[in-house]
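A short worksheet on the structure shown next.
The values are calculated or read from the model by the stated rules, or taken from the named source; none is laboratory data. Source: prediction; values computed, not measured. Positions of Cβ are generated from backbone atoms using ideal geometry, with glycine treated the same way; all protein chains shown enter the neighbour counts. Please note that ligands, DNA and RNA were not included when accessible areas were found on the heavy atoms of the full protein model with its side chains. Shrake-Rupley method; radii C 1.70, N 1.55, O 1.52, S 1.80 Å.
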Amino acid sequence: MVVEELEFARGDLEGIMDKYTHVKEWVEAFETKHGSRPIYYGPLNRAASKLKPMNLIYHLRGPLFAHVYRPPSGEEGGGSTLWFGIEPYLTEDEETIKQELVERLLKEAPNTPSFSNDSEFESMLDSMISKNVKIIAKPQPVSDTTPFVRKFFNFSDPPINVTTDQLERLQYTIIRDLVRSGPLEVLLSDEMLEDIHAVGLRYISMDHKVFGMVTSNIRFRDRDMLERYLRAMSERIGRPVSDSKPIIDGALLDGSRINIIYSDDVSTLGSSFTIRKFAEETISITQLIQWGTLSPQVAAYIWLGLENGMSLMVSGETASGKTTTLNAILPFIDHNVKIYSAEDTPEVKVRHRLWQRLVTRSSKNEDSRVEMFDLLKAALRSRPRYIIIGEIRGAEGATAFQAMQTGHPVIATFHASSIVKMIQRFTGDPINVPMRFFDNLNFAIFQEVVEAPGGGIARRVTGIDEVIGYNKEADGVLTRGMFDWDPVRDKHYFRGMFQSHLMENKMAALMGFENKRDIYDEMARRTEALKRMVDRGLTHYDDVFDLIDVYYQQDWQAFSDAIDVWVPINTD
């Protein structure tokens, strides 16, 4: 994606239009209707949200582009932000060719080699399509009777005449519909989209990282088409939806979460779905520092906690970035230990050598069903160093605290905006963790969605609280705030200097410090190392993991020296 982006400078819309016919046709039709021409923005950034008038095109990947337009007051849709997906499309003749090609592919499928992933499948389809076509200079009209005559008399299939442009459009649409995401492909190709919401036959709406809520030009034309699509998608992810089981949660192939409500009885406006997109590459802790989600000092504190076997919760409201933060901090765990993860939807990404991923299984047969409680019991029998729970929602929370009591550190995400609310939710129905068990949890990270300084939305760690212990006299849990976030200055402040119960009374002893307050110097050393990594542009997840691996396999000096000479992964 980025390589193609570099072929065109910002503002070079003419170059884009010359290369991509479908973009040219879109721009010309838009200009005729609205009397204005969009600009080509190039790689999108926060500053795009301040553009006036809002009328820009940016690249997604391959032949796919997005056009963002905010109509002026008085024009239809004025005041809202519109997002148009621009992708190759087929004429009526080309649709006929596509149907013929798909029939041939299905006929040839039993004799084709097996494939192990989607990339191999796509390559095989490309090859099969190419074998069934003949490149010609100009488009030719398609005869509707030819396929019928061939089938009736059992003639062999001659190549189909297509131009080079037609072949590219046919390959894109066939692979889009057979392998990828069909009508949603252009939406799912936009890494700037976070949540995608579709309700019945309405136009699909999305949460955009730069422009906030936007409305697309994409919708399902009839309910049968929508329901067929949702059935096919749910079967593909292994969680079939039906009238008897109208609500399912799952994960798409790229790791994005999907929730489907398949019933007019449950969703009165028609079947609906929500997709929460995840970045194709795991976000690193240094990338979060660069974005301002947390500070190097906050990250250093978390590093000390995870290295020393502390249990923690990453807590916050929906879409606050909890799972992103959880994945980003996992490289801080000793790379030589065994980790088990237990999830309903596979979202946790671990690069450690000894990682066992467990996922729940739904089934109408109760004996075949595997629930979170079953996974946690299996994990405990395997004696891992860390147990990671994608998200605690119910009774498995009590099992998580039992795991902490048996000496297994636990990391999990949870829905609560403050330490008080978190304790209330854990100790109330349906989790019902006894208050006296709460001192098994060591600290909690709290995160929120906020307005970004340059426009759009951002995520911020708004606080970290240590759990000191259960107070019998007060029948309550004692906690202490370690970090605060100042929304005015957009800055994190450490409030725990010489007051951290965990650092002085647990971590310092585990790390062998005779003077327990030397632990603060250790946090400062790690803070500085993380700053240096950010300054050197070491923000790719694999760079971060491999550098920290130098620390765990060798020593601090080798890690520190490696920061200065490490060659960053070229993301271009």
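Residue-by-condition table, conditions (1) touching a helix residue (DSSP H, G or I) at 6+ places or on another chain (Cβ under 7 Å); (2) among the polar types (S, T, N, Q); (3) closer than 26 Å to Ser284 by Cβ:
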{"residue": "Gly463", "(1), (2), (3)": "no, no, yes"}
{"residue": "Asp486", "(1), (2), (3)": "no, no, yes"}
{"residue": "His492", "(1), (2), (3)": "yes, no, yes"}
{"residue": "Ser500", "(1), (2), (3)": "no, yes, yes"}
{"residue": "Asn505", "(1), (2), (3)": "no, yes, no"}
{"residue": "Ala508", "(1), (2), (3)": "yes, no, no"}
{"residue": "Lys531", "(1), (2), (3)": "yes, no, yes"}
{"residue": "Ala562", "(1), (2), (3)": "yes, no, yes"}
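Put simply, of Ser119, Ser80, Ser73, Ser114 the only residue that is open to solvent by 40 Å² or more (accessible area, probe 1.4 Å), modelled with pLDDT under 90, of a type in the set (Ser, Thr, Tyr) and in a helix (DSSP H, G or I) is Ser119. Take the conditions (1) within 21 Å of Gly407 (Cβ to Cβ); (2) out of contact with any Pro (no Cβ under 8 Å at 6 or more places or on another chain); (3) surrounded by fewer than 20 Cβ atoms within 10 Å (Cβ to Cβ); (4) hydrophobic (A, V, I, L, M, F, W, C); Val337 misses just one of them, which is (2).
Among the criteria (1) touching a residue at least 60 places away in the same chain (Cβ under 8 Å); (2) among the β-branched types (Val, Ile, Thr); (3) open to solvent by 40 Å² or more (accessible area, probe 1.4 Å), the one Thr268 does not fulfil is (1). Looking only at residues of the range 219-246 that are among the aliphatic types (A, V, I, L, M) and within 21 Å of the chain's Cα centre (by Cα), we find that the one that is modelled with the highest pLDDT is Leu230. Within the range 394-416, the set of residues being touching a residue at least 60 places away in the same chain (Cβ under 8 Å) and open to solvent by less than 10 Å² (accessible area, probe 1.4 Å) comprises Pro409, Val410, Ile411, Ala412, Thr413, Phe414, Ala416.
If the condition is being modelled with pLDDT under 95 and surrounded by 13 or more Cβ atoms within 10 Å (Cβ to Cβ), then the range 23-36 contributes only His34. Checking each residue in the range 210-231 for being open to solvent by less than 60 Å² (accessible area, probe 1.4 Å) and either in a helix (DSSP H, G or I) or touching a residue at least 60 places away in the same chain (Cβ under 8 Å) (or both) picks out Val210, Phe211, Gly212, Val214, Thr215, Ser216, Asn217, Ile218, Leu226, Glu227, Tyr229, Leu230.
Checking each residue in the range 279-322 for being out of contact with any helix residue (DSSP H, G or I) (no Cβ under 9 Å at 6 or more places or on another chain), buried (at least 23 other Cβ atoms within 10 Å of the Cβ) and assigned to a helix (DSSP H, G or I) picks out only Lys322. Of the numbered criteria (1) aliphatic (A, V, I, L, M); (2) touching a Ser or Thr at 6+ places or on another chain (Cβ under 6 Å); (3) modelled with pLDDT of 95 or more, the one Ile445 fails is (2).
Among residues of the range 369-393 being of a type in the set (Gly, Ala, Ser) and touching a helix residue (DSSP H, G or I) at 6+ places or on another chain (Cβ under 8 Å), the one that is surrounded by the most Cβ atoms within 10 Å (Cβ to Cβ) is Ala379.
Residues in the range 499-524 that are closer than 22 Å to Asp555 by Cβ and either among the β-branched types (Val, Ile, Thr) or without any contact (Cβ under 8 Å) to a residue 40 or more places away in the chain (or both): Ala508, Ala509, Gly512, Phe513, Glu514, Asn515, Asp518, Ile519, Tyr520, Asp521. Annotation note: Cβ proximity below 8 Å between a residue of the range 18-46 that is free of Cβ contacts under 8 Å to residues at least 24 places away in the same chain and a residue that is in a strand (DSSP E or B) (sequence gap 6+ or interchain) occurs for Ser36/Asn55. Residues in the range 523-565 that are under 19 Å from His335 (Cβ atoms) and among the β-branched types (Val, Ile, Thr) were compared, and the one that is most open to solvent (accessible area, probe 1.4 Å) is Val550. Could you list, in sequence order, all residues of the range 249-265 that are of a type outside the set (A, V, I, L, M, F, W, C), assigned to a loop (DSSP other than H, G, I, E, B), in contact (Cβ under 8 Å) with a residue 12 or more places away in the chain and open to solvent by 30 Å² or more (accessible area, probe 1.4 Å)? Within the range 249-265, Asp254, Asp265 meet the criteria. Hey, does the range 506-522 have a residue that's among the polar types (S, T, N, Q), buried (at least 16 other Cβ atoms within 10 Å of the Cβ) and out of contact with any Lys or Arg (no Cβ under 8 Å at 6 or more places or on another chain)? Checked against the condition, which is being among the polar types (S, T, N, Q), buried (at least 16 other Cβ atoms within 10 Å of the Cβ) and out of contact with any Lys or Arg (no Cβ under 8 Å at 6 or more places or on another chain), the range 506-522 yields no hits at all. Just so you know, in the range 122-155 the residues that are in a loop (DSSP other than H, G, I, E, B) and modelled with pLDDT of 80 or more include one that is least open to solvent (accessible area, probe 1.4 Å), and it is Asn132.
Screening the range 50-62 for residues that are under 22 Å from the mean Cα position of the chain (by Cα) and of a type outside the set (Gly, Ala, Ser) and picking the one that is surrounded by the most Cβ atoms within 10 Å (Cβ to Cβ) gives His59.
Being open to solvent by 30 Å² or more (accessible area, probe 1.4 Å), over 31 Å from the mean Cα position of the chain (by Cα) and either at pLDDT below 90 or on the phi > 0 side of the Ramachandran plot (or both) is a property that does not hold for Pro43.
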